[in-house]
Amino acid sequence: MKRTAVFSFKKKLAFSVMACLLFFLFIELVARTVFLFKYHKDHTSVYIQGGPLQIGDSSIVFRNTPYYIDYDHRFQNSELGFRSAVGDWRQPTKTDHDFWVLLTGASAMEGMGSNKDGNWVDITGVQDYVYEKTIAHKLQVILQKELPNRRVRVFNGANSGYILWQSYQRYENLKKELKPDWVVSLDGNNEYASLDDDADLKKLKQSGWEDYPIFKAPSKYIIPFTQRIYSLNSLKQLIYHIKSQVRLQKNIKENYPVRAQWLHRGSKPISFCQVTHKIQNAIDAYMYWLHQYDSSLSRDGVNHLLIYQPFLFDKNFSTMGDTEKALYNYYSWNYNDSVGQTFKTIVKKKLEAEESTNPNLLVLDANRISGQTFVDYCHFTEIAADSITAIIGSRILASIKK
């Protein structure tokens with residue numbers, strides 16, 4: 001009678017560990033192969049794809065991570081952090097034949113869809129736009145058609161979360177390298193609406209940057225692994241993608257129930273407050289940096305347009321369609337910030353008073369854009385992006401034809 005071999009606990013444990021290790025190595029090899037197949041032409045790496053979407057910058061606090069590619073290949077950041085088409089990562093050298101436009105600003109200019117926080121996406125279903133639907137690309141198409149003898153490039157230097165001060169610094173950092181023929185900035189949403197007398201915008205943005213989730217648990221512990229281990233990076237991206245798609249498909253299948261809920265709930269009155277000393281400080285700071293930006297561009301001999309962006313709360317409710325009304329109602333109940341709305345309204349009035357004497361300034365009025373304008377509190381529909389692009393394009397072309 002044969003005796004059955006009996007393995008000790010240590011041998012069983014060693015065998016189990018070895019089997020798990022081999023399985024992990026196999027999964028890692030598969031993940032590495034898939035990654036290289038997907039990205040081998042696009043000058044990126046697992047360190048970039050597994051890291052944060054923005055990186056620190058000593059002069060402007062943070063900026064888009066160079067070479068990063070969106071999971072769905074909607075866009076890629078170039079080597080200078082410009083949102084571009086996938087594969088268009090290399091910064092060209094300017095020649096006399098080129099006509100270059102630099103865009104600065106925040107997420108509305110960059111090409112963001114509905115904000116993923118809160119119920120915005122559940123009301124609209126609008127994801128971040130593919131590069132071809134951004135203002136930058138649309139503007140490049142318009143200008144190239146009208147300037148067939150020039151090689152037109154529009155560089156999207158806008159970054160999510162930027163205030164006007166950062167847009168100005170972005171231009172200052174890039175102007176020697178780019179030598180842009182035109183600069184267009186779209187700002188206003190992310191400004192501090194209340195400031196102490198000794199407030200330092202750079203320190204405030206630095207403090208806010210250091211409070212980002214990427215510097216807190218669990219992200220700060222996960223990121224070092226996803227930047228080095230292909231399988232973990234793939235798993236993280238897949239989970240995020242699946243959650244996003246499940247959310248989107250559920251809304252489509254159920255015909256956007258959150259939209260219907262907010263459409264029929266009604267709105268609260270938009271709140272305003274008295275202009276305090278701190279609010280006045282914030283207004284003065286915005287106007288100061290706007291004039292600094294304007295003066296710097298004028299001294300450099302660069303044609304430019306500094307645009308104050310429109311906001312959902314400032315649009316006439318009676319002109320809205322159902323989706324925009326649902327957004328407005330949701331905003332009025334959950335984001336009705338009297339300080340911020342007071343700040344934005346007064347800045348708008350000041351800039352409207354300056355428009356007639358300064359052709360470099362433009363206040364965009366949401367009520368002059370036909371159709372649905374917003375996909376949340378300040379980001380645009382594609383129809384609105386088309387209208388804004390047409391306005392910018394006409395200004396640029398008019399200056400050339402003078």
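The values are calculated or read from the model by the stated rules, or taken from the named source; none is laboratory data. Please read all numbers here as calculations on a predicted model, not as lab measurements. Using ideal geometry, Cβ is built from the backbone for each residue, glycine included, and neighbour counts are taken over all protein chains shown. Calculation scope for accessible area: heavy atoms of the full protein, side chains included, ligands and nucleic acids excluded. Shrake-Rupley method; radii C 1.70, N 1.55, O 1.52, S 1.80 Å.
With each label modelled as a point 7 angstrom along the Cα→C-beta vector, the residue 390-residue 146 pair spans 1.2 nm. If you wrap region 221-279 in the convex hull of its Cα atoms and look at it from every side, the mean projected area works out to 8.7 nm².
Net charge in the neighbourhood of residue 276 (other residues with Cβ under 13 Å of its Cβ; Lys, Arg +1, Asp, Glu -1) is -2.
I'd like to compare 172-178, 225-231: which one has the highest average count of other Cβ atoms within 10 Å, and what's the full order after that?
Working: 172-178: 15.1, 225-231: 17.6.
Peptide ranking by packing, descending: 225-231, 172-178.
Taking every full run of DSSP H in the chain, the ones that stretch at least 24 Å from end to end by Cα along their long axis and average -0.5 or higher on the Kyte-Doolittle scale are 9-39, 382-401.
Rounded to 0.05, the FRET efficiency of the residue 71 and residue 336 pair, given R0 = 51 Å and the Cβ-Cβ distance, is 0.90.
Treat every Asp and Glu Cβ in region 1-133 as -1 and every Lys and Arg Cβ as +1, leave all other atoms uncharged, and give the resulting dipole magnitude about the Cα centre to the nearest 20 debye.
Working: 15 positive and 14 negative charges, 295 e Å.
Here region 1-133 has a charge dipole of around 1420 debye.
Tell me, what is the FRET efficiency for residue 240 and residue 211 to the nearest 0.05, using R0 = 22 angstrom and their Cβ-Cβ distance as r? E between residue 240 and residue 211, to the nearest 0.05, is 0.55. Dipole magnitude for the chain: about 1960 debye, using +1 per Lys or Arg Cβ and -1 per Asp or Glu Cβ, origin at the Cα centre.
Go through 365-376, 390-401 and give me the packing order, highest mean Cβ count within 10 Å leading.
Working: 365-376: 19.1, 390-401: 15.7.
For the peptides 365-376, 390-401, the packing ranking is 365-376, 390-401.
Here's the picture: charge each Lys and Arg Cβ at +1 and each Asp and Glu Cβ at -1 in region 26-122, and of 33, 54, 119 the one pushed furthest to the positive end of that dipole is 33. At an R0 of 35 angstrom, the distance between the Cβ atoms of residue 318 and residue 399 translates into a FRET efficiency of 0.45.
Listed peptides 104-114, 243-253 appear in the order 104-114, 243-253 once ranked by packing, highest mean of other Cβ atoms within 10 Å at the front. For region 59-217, the Cβ-based charge dipole about the Cα centre amounts to some 680 debye (Lys, Arg positive; Asp, Glu negative; other atoms uncharged).
Between residue 355 and residue 291, the simple spin-label model (points 7 angstrom out along Cα→Cβ) gives 2.0 nm. Coordinate range of the alpha-carbon atoms in region 84-228 per principal axis, descending: 53, 40, 37 Å. Under 5 Å from the amide H of residue 186 lie the amide H atoms of 104, 105, 106, 307, each residue being 5 or more positions distant or on a separate chain, with H modelled from the backbone and absent for Pro and chain starts. Solvent-accessible surface of the chain, taken per residue with a 1.4 Å probe and all protein chains present: 51 Å². Taking the accessible area of the chain, probe 1.4 Å, and keeping the other protein chains in place, the carbon and sulfur fraction comes to 57%. Quote the Stokes-Einstein diffusion coefficient, in whole µm² s⁻¹, for region 132-210, based on the Kirkwood radius over alpha carbon pairs, a temperature of 20 °C and a viscosity of 1.002 mPa s. The diffusion coefficient I find is 144 µm²/s. Here the Debye sum runs over all C-alpha atoms of region 286-369 as equal scatterers in vacuum, and log10 of I(q)/I(0) at q = 0.19, 0.24 Å⁻¹ comes out as -0.90, -1.17. Given the options 286, 298, 264, identify the residue whose Cα lies farthest towards the positive end of the charge dipole of region 236-323 (+1 on Cβ of Lys, Arg; -1 on Cβ of Asp, Glu). Towards the positive end, the residue furthest out is 264. Note on residue 253: aspartates and glutamates with a C-alpha under 17 Å away, same-chain residues under 8 apart excluded, are 122.
Helix-derived [θ] at 222 nm for the chain: sum -39500 (n - 2.57) over DSSP H runs of at least 4, divide by residue count, nearest 500? Intermediate values should be presented prior to the final figure.
Details: 14 runs with 196 residues, N = 402.
Per the formula, -15500 deg cm²/dmol.
Taking a straight Cα-Cα cut-off under 17 Å and skipping sequence neighbours fewer than 8 places away in the same chain, the aspartates and glutamates within cross-link reach of residue 41 are 70, 72, 79, 88.
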